[in-house]
Amino acid sequence: MLKRIALLLFVVVFITACNTDDDMVAACNVVTSVSSNSVTDSSTHISWNDASNTESYIVEYGLSGFAIGGGTSISSTNINVSISGLQGNTTYDVYVQTVCSENNISMFTDGYSFTTSESPCAAVTNISSSMITDTFAVIAWEDTVNTGSTYELEFGASGFSLGSGTTLAANNTSLDITGLMPNTNYDFYIKAICNGSNVSPSTSTNSFTTLAIPVIPEFRPTLSELNLFIDDLNNLDITPYGFEYNLNSKLFSDYATKQRFFVLPTGQKLTYNGEGLPIFPENSIIVKTFYYNIDDRDPSLGQKIIETRLLIKIEGSWETGDYKWNDAQTEAFLDFNGSTVPVSWIDSEGQSNSVNYEIPSNTDCFKCHQTSGSMTPIGPKMRTINFDFNGSNQIQRLIDNDMLEGLSDPTSVSLLPKWDDPTVSLDRRARAYMDINCAHCHIQGGFCEEQSNLRLGYETAYEESSISQSRNSILTRIQNTIPQYGMPLIGTTIIHDEGVDLLIEYINSLE
């Protein structure tokens with residue numbers, strides 16, 4: 001009986017054991033030979049071997065030393081996976097886990113490590129130039145990509161070839177450039193240096209222009225010290241701060257040619273004050289240079305510059321000074337005493353002319369430029385410049401350049417007629433000539449106010465001008481060069497034939 005029971009127990013145990021072996025699941029194998037290829041600064045390709053051809057895998061990666069479970073996981077049904085969005089020049093650890101079934105997952109592999117390549121040094125952005133003066137500029141840029149970079153800036157006169165300019169190094173994203181040339185266009189390029197062999201491309205061309213040398217509103221011994229002209233002085237290239245202008249009717253000065261411009265302090269404006277002289281701000285400079293072309297038929301043959309007259313507004317009052325040019329035409333020197341300079345030239349008709357040109361003394365200047373005892377400019381009145389010069393209306397250009405306040409439309413300003421314009425009536429031309437050549441003395445408050453009843457301003461009515469009563473005196477004196485008698489009293493040494501002919505015709509036409 002006992003033997004039968006023992007045999008039965010053996011059979012039961014044997015059968016049970018056999019059934020258990022059939023239901024057991026084989027352990028999920030760990031993959032082998034984890035490797036990486038196609039490593040860049042931001043991506044790689046991870047692959048491995050799996051002899052079991054398991055259908056699914058989990059790849060976890062992170063910065064070297066990360067704890068499993070704290071990395072980034074990717075699922076894959078292939079024995080490889082691509083990883084992107086990595087940091088350059090960084091070491092990563094990778095673990096691979098085999099998924100045999102939902103409840104049968106292998107252990108992770110041992111950690112496999114790889115290092116991304118260094119990121120290419122990126123070009124800088126948002127480049128700017130600021131705080132520009134005649135010799136200085138600040139260059140700034142942004143670099144939100146590279147870390148620990150240094151920079152190299154190369155600059156030179158506009159158009160220079162990259163590699164032939166001046167280079168400066170910087171440890172941050174701005175750089176001061178000093179020692180620049182005034183009134184010069186510069187190009188510059190910037191590149192980031194991430195390390196000795198990892199350098200960004202140079203930026204495209206960036207440019208800035210230095211300011212001209214500031215004008216000096218003072219009477220200094222030489223004209224060049226005032227910075228009113230750029231480059232060679234005798235080229236008469238005016239400072240970029242200057243506003244060149246012309247007059248519709250011009251004052252006669254022994255047939256001399258004149259260059260006119262004024263300079264306002266930076267940020268200051270003229271103030272419209274009616275059709276006469278605008279209000280100039282403090283430290284304004286009015287400049288007039290007198291010269292003769294060697295041959296009026298061909299100005300390219302050169303010129304002889306005689307003098308440059310200045311009016312500078314100092315502490316609310318205009319002061320005058322005259323600069324006499326040397327024979328070499330390289331400099332002009334402050335001279336308050338006046339002098340005589342012999343000049344010869346060929347006019348537009350091919351005729352040779354000569355004159356003993358008189359440079360006025362400071363006292364002479366005051367005679368013409370005074371109004372009620374105060375020094376006053378004569379030429380740049382609104383009504384004398386309201387016409388096109390250098391391609392545009394001069395008043396409109398002042399408005400457009402934000403140099404004039406109080407006036408928005410030049411058409412509201414009249415224009416003094418051009419005295420030699422045959423399309424204008426005789427009386428208007430004659431009165432315009434008198435206005436620009438005579439009225440600065442023959443007005444109320446002028447130098448001749450008490451010596452003469454003539455009031456020759458263009459706006460003065462004929463009946464109030466005393467022209468009719470003084471016609472004989474006018475005819476005699478404009479045809480005479482006797483000192484202290486001939487008219488104009490100063491400023492000319494010869495008779496202005498064309499102007500005199502006009503006035504004779506006008507006076508003779510009066511009833």
Pairwise label distance in nanometres, residue 509 with residue 131, each label 7 Å out on the Cα-Cβ vector: 6.5 nm
Protection-proxy order for peptides 262-268, 432-438, each taking the mean of Cβ atoms within 10 Å per residue, highest first: 432-438, 262-268
Which labelled figure in (i) 42.1; (ii) 29.7; (iii) 27.0 is mean projected area of the Cα convex hull in nm², once derived from the coordinates: (i)
Efficiency of FRET from Cβ geometry, residue 183 and residue 468, R₀ 51 Å, rounded to 0.05: 0.40
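Which of 324/418; 288/381; 258/324; 269/381; 313/381 have a Cα-Cα distance over 24 Å?
On the way: 324/418 30 Å; 288/381 15 Å; 258/324 14 Å; 269/381 15 Å; 313/381 16 Å.
Long pairs (Cα-Cα over 24 Å): 324/418.
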Per-pair calculated FRET efficiency, R0 = 56 Å: residue 235 and residue 450 via Cβ, rounded to 0.05: 0.80
Charge-dipole axis of the stretch 303-457 as Lys and Arg at +1 and Asp and Glu at -1 on Cβ define it, positive-most pick from 323, 410, 345: 410
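I'd like the FRET efficiency for residue 113 and residue 157, computed as 1/(1 + (r/R0)^6) with the beta carbon distance as r and R0 of 35 Å, rounded to 0.05.
Values: r = 53 Å, r/R0 = 1.51.
In this case the efficiency is close to 0.10.
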The stretch 379-433 - charge dipole about Cα centre, Lys and Arg +1 at Cβ, Asp and Glu -1, debye rounded to 20: 320 debye
Degrees separating the helix 2-23 axis from the principal Cα axis of the chain, which is the longest one: 20 degrees
Assigned charges on the beta-carbon of Lys, Arg, Asp, Glu; the chain dipole about Cα centre (debye): 420 debye
Accessible area (Å², 1.4 Å probe, nearest 10) - residue 31: 10 Å²
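The values are calculated or read from the model by the stated rules, or taken from the named source; none is laboratory data. If you're wondering where the values come from, they're calculated on a predicted model, not measured in any experiment. Here the Cβ is made from the backbone with ideal geometry for all residues, glycine too, and neighbour counts use every protein chain on show. Note: accessible area is taken over every heavy atom of the protein model, side chains too, but ligands, DNA and RNA are not part of it. Shrake-Rupley method; radii C 1.70, N 1.55, O 1.52, S 1.80 Å.
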